[in-house]
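Derivation of every value follows stated rules applied to the coordinates shown; laboratory data play no part. The shown structure was predicted, so the numbers you read here are calculated from the model rather than taken from an experiment. Heads up, the Cβs are rebuilt from the backbone with ideal geometry, glycines too, and the neighbour counts pull from every protein chain shown.
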Amino acid sequence: MKVFFDLFPVLLFFVAYQLGGIYWATGSAMGASALQITWLLGTRRPVDATVWIGFTVITLLGGLTLWTKQHPVLGIEPTVFIRWKPTVLYWIFAAILGIAPMVGKGHPIRALLGKQLHLPDQVWKRLNIAWAVFFALLGIANLYVAFNFPEAIWVKFKVFGLMALMVVFVVGQSIFLARHMEEK
């Protein structure tokens, strides 16, 4: 159920794109993100930092997309902002994962998964680096598709391609982690 909850804005973006185009999709994703946070706060559940970051990025870049459609800025295609959104989100995650250990904040991946997994310190370090690099590469892949292919192809890649890459990476990480898990 949590997976559907987390994917709700992305799935709504896709459906709204199919029904009404990029601007409807953008507004729908913004609304879905706001609804997620409203529901979590209303039910007194914690709002993960990733949800706040996603909400902030979709609000800023989605807002710029909708605003520049109504108020054109010379030389800027309004959809450029929404096409940058996955990259900005992934690069924020990559930066957090990459910078936190350098400033003495430990490994964020360990903070997220440490209760479920018991791994040696060196493995946590490698896992954290792997995720940081993976998010950086996802951002690059998004930019490549967003600015070299038609919008409809990018939307499908954003929803299904990036998700498929994530699944493949998680499966690969699971295989890697299985060799390093410590007994309780």
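Rounded to the nearest 500, what is the chain's calculated 222 nm mean residue ellipticity when only DSSP H runs of at least 4 contribute -39500 (n - 2.57) each, over all residues?
Rounded to the nearest 500, the figure is -25500 deg cm²/dmol.
What net charge do the residues around Thr79 carry, taking every other residue with its C-beta under 14 Å from that of Thr79, with Lys and Arg at +1 and Asp and Glu at -1?
Values: positive: Lys69, Arg83, Lys85, Lys158; negative: Glu77, Glu151.
Spelling it out: positives minus negatives among the neighbours equals +2.
Helix 79-99 versus the longest principal axis of the chain: what angle, 0 to 90°, nearest 10, using Cα atoms?
The helix 79-99 is inclined about 20 degrees to the chain.
Near Gly104, within a Cβ-to-Cβ distance under 14 Å, what is the net charge of the other residues, with Lys and Arg +1 and Asp and Glu -1?
+3
Under a Cβ-Cβ cut-off of 11 Å, what is the net charge of the residues other than Thr65 that fall near it, where Lys and Arg count +1 and Asp and Glu count -1?
Summing Lys/Arg as +1 and Asp/Glu as -1 gives +2.
If you place +1 on the Cβ of every Lys and Arg, -1 on the Cβ of every Asp and Glu, and leave all else neutral, what size is the dipole of the chain about its Cα centre, to the nearest 20 Debye?
Approximately 280 debye in magnitude.
Report, in whole Å, the centroid distance computed from the Cα atoms of the stretch 54-93 and the stretch 116-139.
28
Which number gives the lysine pairs in the chain that have C-alpha atoms under 21 Å apart and are eight or more places apart or on different chains?
10
Given that just one value was derived from the coordinates, which of [x] 56, 37, 32; [y] 53, 34, 27; [z] 57, 40, 31 is Cα extents along the principal axes in Å?
Correct label is [z].
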